[in-house]
Every structure is written in structure tokens, then in C-alpha cells.
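Presented below is the structure to which this report refers.
The values are calculated or read from the model by the stated rules, or taken from the named source; none is laboratory data. The shown structure was predicted, so the numbers you read here are calculated from the model rather than taken from an experiment. Glycine gets a Cβ as well: all are built from the backbone with ideal geometry, and neighbour counts include every protein chain shown.
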Amino acid sequence: MMKLVHDSTELHDCRGGVFVPTMGALHDGHITLMKRARELAGARPVVVSIFVNPTQFNEKSDFERYPRNLERDAALCEGAGVDVLFAPTVEVVYPPGHATHPPMLPAVAAEPGLEDAHRQGHFGGVCMVCKRLFELVRPRQAVFGEKDWQQLAVVRAMVRELGGAWEGAPLEIIGHPTVREADGLAMSSRNTLLGPNHRRRAAALVKCLIEAGRYADPARAEEAGRLVLLANLVEPEYVAVRDAATLGPVRPGEAARCLVAARVGGVRLIDNAVWPGFAL
Ligand code: AMP
């Protein structure tokens with residue numbers, strides 16, 4: 001039986017497990033992360049959190065219309081073999097008097113000019129919430145999706161800068177590949193906000209990554225990717241080919257990644273893939 005807990009005091013007996021933080025509105029991408037966590041955990045507990053974190057939303061309207069349905073999400077977690085579902089209130093995560101300033105940000109959270117530049121304050125909020133959730137849950141491992149590539153890099157860097165440990169206990173950050181819909185669109189809770197017409201157009205993001213992957217030169221790849229978005233009436237925010245780890249300029253012999261952010265209707269979507277040579 002899965003345990004649903006709202007207060008951090010009920011988390012004592014699930015330390016040292018595998019943790020999957022989410023904002024709910026669960027889809028198969030989240031479920032895949034939970035199944036990965038289940039495999040990694042063995043007899044240790046799998047803990048999932050559902051918390052729509054106000055400090056990582058740079059647009060109030062995005063926070064307000066973010067889909068929420070705890071009952072449905074809890075049933076999905078139980079089906080994925082989760083032991084503990086932690087669904088705290090804002091007061092539990094940020095008790096009165098908690099430090100409101102974000103922790104020191106790693107370079108990858110502030111310098112690339114990608115999500116950091118387009119969502120002011122976002123990674124401050126992400127770091128703040130991860131720090132709190134890691135303190136409360138105290139996992140041995142945490143699983144994050146590659147879908148949010150810069151976020152994964154930021155959380156990895158934050159933990160690495162603390163020597164691979166959290167308050168003295170070792171913590172490993174594990175990345176899991178992006179789970180996609182049949183047409184290649186990366187699964188996202190925000191996809192449910194798309195009408196049928198915009199939903200069809202949203203596949204342009206993955207097409208953009210495939211097209212960019214056909215060019216060996218980063219600038220040409222970015223341009224080719226942008227053209228795919230525009231041809232599908234999708235508004236590009238950025239198409240960027242970067243070093244996969246630092247998100248700085250590509251370095252010869254090092255892994256690279258193409259990252260895209262775009263607006264479809266009023267909905268902002270992101271995706272990324274290995275570069276060059278990405279295929280579904
Ligand atoms: P969110 O609820 O959107 O904050 O996402 C919670 C976790 O699920 C994050 O680590 C995301 O990167 C991951 N995630 C979201 N969508 C996908 C996807 N399509 N494939 C894999 N992981 C995902």
C-alpha cells in the first residue's frame with residue numbers, strides 16, 4: 001500500500017531511498033521515471049513528491065493554470081510501485097521564516113542564456129525547492145528527466161559542488177531519457193493546455209531537433225531548426241547547439257546537445273536531443 005503524506009514529520013522512515021520530484025499532472029514520462037526509481041531502489045523506498053513550486057514560475061498565469069489533480073496522480077503513483085507520495089503544502093516546504101533568497105547558483109544555471117535568460121529567477125526557484133525537498137526526503141538517489149536538460153545539469157552541478165553529498169549523506173543524480181508521444185512530441189504536463197490545432201503544430205519542436213541534427217555546423221543547424229519552427233507557425237525562443245555538460249559553446253570531441261524553446265499558441269514548450277544525428 002502506498003502512503004500519502006502531507007507533512008515532513010511523516011517522512012522519517014523513508015530516508016535513503018530513491019526520489020522522483022514532480023509537479024504532478026502526471027504522464028507516462030513521470031511514470032517511466034518512477035519505474036526506473038523502483039528498479040534502482042530494490043528493497044529501499046521510492047518516494048515521489050508532487051508540489052507545484054511557486055518560486056520557479058516566472059509567470060503568475062502559468063503557475064495558476066498549471067494542471068492539478070492529486071487523486072488521479074496518486075492512483076498513477078500507486079500503479080507505478082511508489083511507496084510514499086509526498087504532497088506538501090507551501091507552508092511545509094517554505095515554513096514561515098525560511099530563507100527566501102535562492103542558494104548560490106552554479107554557472108550552468110546563469111551563464112548559458114537559455115532557460116536562465118528566458119525564465120528570470122526560474123533556476124533560483126528550482127535550486128531552492130530541490131534543496132528543501134532533498135533536506136526533507138533525504139534520498140540516496142534522485143531521478144530527473146533529460147527533457148529538462150538544463151535543469152538536470154543545474155541540479156547535478158549543485159550536488160557536485162557539495163561534493164556529491166547532501167548534508168553529509170551521499171546523493172546521486174540520475175538522468176532518464178525523454179519519453180515521447182507517437183509523433184515525437186516530448187511528453188509534458190503543459191501539452192494538455194494545447195488545443196487540437198496547436199497540438200499538431202507542437203510536433204515542430206522535435207522536427208526542429210531532427211533537422212538541426214542533419215548539419216555539422218552549429219550555426220547552420222540552429223538556423224535550419226528555426227526554419228522548421230517558423231514553417232509550422234511555431235514561435236521560436238531559442239534553438240541552440242551547445243556543449244552537453246556546460247551548455248557553453250560546443251567543444252571538439254565533447255558531447256553536444258541541441259536545445260529548443262518555443263511558444264505554440266500561448267503555451268511555452270521545450271525539448272532537446274543529442275546533436276548531431278538525432279532520429280526518432
Ligand atoms: P515536472 O513535473 O514537469 O516538474 O517534471 C518532473 C520530472 O519529470 C522532471 O525531472 C522532468 O524532467 C521529468 N519529465 C517531465 N517530462 C518528461 C518526459 N517527457 N520524459 C522524461 N522525463 C520527463
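Quick look at the values:
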read-out: Close pairs (8 angstrom Cβ cut-off, 6 or more residues apart or separate chains): within 16 Å of the ligand (Cβ to nearest atom) in region 2-29, in a helix (DSSP H, G or I) and of a type in the set (Phe, Trp, Tyr) anywhere; value: Phe19/Phe134
read-out: Test: residue in region 114-123 that is within 11 Å of the ligand (Cβ to nearest atom) and at pLDDT 95 or above; value: no
read-out: Output for region 256-280, where each listed residue is of a type in the set (Val, Ile, Thr) and under 15 Å from Gly184 (Cα atoms); value: Val260, Ile270, Val274
read-out: Residues within region 34-53 that are within 13 Å of the ligand (Cβ to nearest atom) and farther than 15 Å from Phe86 by Cβ, tallied; value: 2
read-out: Lone qualifier among Ala142, Ala182, Ala153 - being within 18 Å of Ala245 (Cα to Cα), aliphatic (A, V, I, L, M) and at pLDDT 95 or above; value: Ala153
read-out: Matching helices (runs of 4 or more DSSP H) fully within region 1-100 where at least 1 residues are buried (at least 18 other Cβ atoms within 10 Å of the Cβ) and polar (S, T, N, Q); value: 28-41
read-out: Test result for Val274, farther than 26 Å from Arg65 by Cα, in contact with a strand residue (DSSP E or B) (Cβ under 9 Å, 6 or more places away or on another chain), touching a residue at least 40 places away in the same chain (Cβ under 8 Å) and among the β-branched types (Val, Ile, Thr); value: yes
read-out: Residue, farthest from the chain's Cα centre (by Cα), within region 160-190, restricted to residues that are away from the ligand (no atom under 14 Å from the Cβ) and either acidic (Asp, Glu) or surrounded by 16 or more Cβ atoms within 10 Å (Cβ to Cβ) (or both); value: Glu167
read-out: Leading residue by the ranking (farthest from Val84 (Cα to Cα)) among those in region 136-153 that are more than 6 Å from the ligand (Cβ to nearest atom) and touching a His at 6+ places or on another chain (Cβ under 7 Å); value: Glu146
read-out: From the options Gly29, Gly97, Gly79, residue that is among the small types (Gly, Ala, Ser) and more than 28 Å from Glu181 (Cα to Cα); value: Gly97
read-out: Odd one out for Asn58 among (1) touching a His at 6+ places or on another chain (Cβ under 9 Å); (2) at pLDDT 95 or above; (3) not hydroxyl-bearing (Ser, Thr, Tyr); value: (2)
read-out: Test set (1) under 24 Å from the mean Cα position of the chain (by Cα); (2) within 17 Å of Leu185 (Cβ to Cβ); (3) not hydrophobic (A, V, I, L, M, F, W, C) - Thr246 fails condition number; value: (2)
